[in-house]
Amino acid sequence: MRKNTIAVCFACLFLIIASPAYAWDVWTTSPWLAIITRFIGGVFVTVRPIEVWNEDGAVVRRIQSRHIPKDAAVIALDGEEASRLGLNAKEWKSLSLLYQAAPFDKSQSDFFFSDPSALPFIAQRIFTVLSQVDPGNYPYYQRRLSEFQTRLDSTVIVGRQLLRGYPLLDLGGGFSRMLTAAGCELVPVDRQLKAAWEKGEELELLEALLEDSLSKKIPVLIDASAPKKLREFLQDNNNIVFLGKPSLEQDLLLFFHDQYLLLWNRLVALRQLRDGKK
């Protein structure tokens with residue numbers, strides 16, 4: 001009888017250890033917050049983004065506030081963003097604001113969330129929220145935060161090894177902090193001309209700049225944050241590198257790593273083209 005009891009206890013213990021972790025829901029206002037929250041939360045969190053990116057990389061709303069449970073854990077960048085989406089602390093008691101007011105222009109979210117010097121602070125604030133809501137898994141979230149910082153540093157180091165000192169012509173600007181962190185030298189672009197190009201004007205000057213960059217073996221890139229007219233003008237140009245948005249299920253740091261490799265491969269192709277013409 002005693003042996004049977006011990007066997008049952010061991011079986012129960014095995015099932016507890018082997019069973020998957022319970023994942024609790026957390027709602028995030030933006031796709032960028034969703035990706036970072038998913039990283040820090042790991043197996044214990046199911047992230048439900050209220051806004052997502054569409055096929056063009058623009059932010060669109062997927063979930064209306066009336067469909068978010070009033071007892072749900074919700075993470076917003078700041079009070080203005082929460083209010084814009086119909087969320088308030090009076091109705092959603094577990095609404096957490098990372099900032100009372102975001103320290104940057106939210107129309108430039110790509111620029112901020114791809115900045116390696118800013119990301120650790122965002123990750124730290126998300127870690128604090130998750131740990132307060134789920135204090136039992138504090139050590140796990142702490143390990144994930146440490147992993148985030150370590151991998152971010154190593155990703156930037158890889159970027160520097162590949163791209164440091166190389167000139168790039170960045171016509172988008174959404175990921176410029178990611179590029180400068182890797183030591184890229186961004187070619188300055190006249191602001192008035194760029195504003196004209198974004199309106200679909202003075203395009204003959206843009207074509208001349210593209211030809212000049214190609215002759216100098218300087219990669220030209222653009223991202224989804226650039227105005228639609230400029231992206232449409234460049235979309236069929238095979239010499240342009242397009243940087244997209246990460247998928248909501250993608251590891252953010254792996255995404256950055258892939259962008260660095262994409263640019264490095266473009267540099268290699270340009271150098272081979274140059275050597276082939278000699």
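The values are calculated or read from the model by the stated rules, or taken from the named source; none is laboratory data. These numbers come from a predicted model, not from an experiment. Using ideal geometry, Cβ is built from the backbone for each residue, glycine included, and neighbour counts are taken over all protein chains shown.
Structural remarks
- Selection from region 170-204 of residues that are over 19 Å from GLN108 (Cα atoms), among the hydrophobic types (A, V, I, L, M, F, W, C) and touching a Pro at 6+ places or on another chain (Cβ under 8 Å): CYS184, VAL187
- Which numbered condition ARG231 fails, given (1) assigned to a helix (DSSP H, G or I); (2) in contact with a helix residue (DSSP H, G or I) (Cβ under 9 Å, 6 or more places away or on another chain): (2)
- Residue that is out of contact with any Cys (no Cβ under 9 Å at 6 or more places or on another chain), closer than 21 Å to PHE256 by Cβ and in a helix (DSSP H, G or I), where the choices are GLN132, GLN124, GLN142: GLN124
- Some residue of region 208-215 being more than 16 Å from PRO167 (Cβ to Cβ), exposed (fewer than 15 other Cβ atoms within 10 Å of the Cβ) and not assigned by TED's automatic domain parsing to the domain that holds THR37: yes
- Restricting attention to region 252-278 and to residues that are over 22 Å from LEU171 (Cα atoms) and buried (at least 16 other Cβ atoms within 10 Å of the Cβ), the residue that is farthest from the chain's Cα centre (by Cα) turns out to be LEU253.
- Test: residue in region 118-134 that is of a type outside the set (Phe, Trp, Tyr) and touching a Lys or Arg at 6+ places or on another chain (Cβ under 6 Å): no
- Boolean, LEU119 is within 22 Å of ILE240 (Cβ to Cβ) and either of a type in the set (Asp, Glu) or surrounded by 20 or more Cβ atoms within 10 Å (Cβ to Cβ) (or both): no
- Exclusive hit being touching a residue at least 40 places away in the same chain (Cβ under 8 Å) and not basic (Lys, Arg), set LEU193, LEU205, LEU186, LEU230: LEU230
- In region 145-198, the residue that is modelled with the highest pLDDT out of those that are outside any helix (DSSP H, G or I), of a type in the set (Gly, Ala, Ser) and within 19 Å of the chain's Cα centre (by Cα) is ALA182.
- With respect to the conditions (1) of a type outside the set (A, V, I, L, M, F, W, C); (2) closer than 29 Å to ARG48 by Cβ; (3) assigned to a helix (DSSP H, G or I), SER247 lacks only one, and its number is (3).
- When the residues of region 90-110 are filtered to those that are part of a helix (DSSP H, G or I) and surrounded by 12 or more Cβ atoms within 10 Å (Cβ to Cβ), the one that is farthest from the chain's Cα centre (by Cα) is LYS106.
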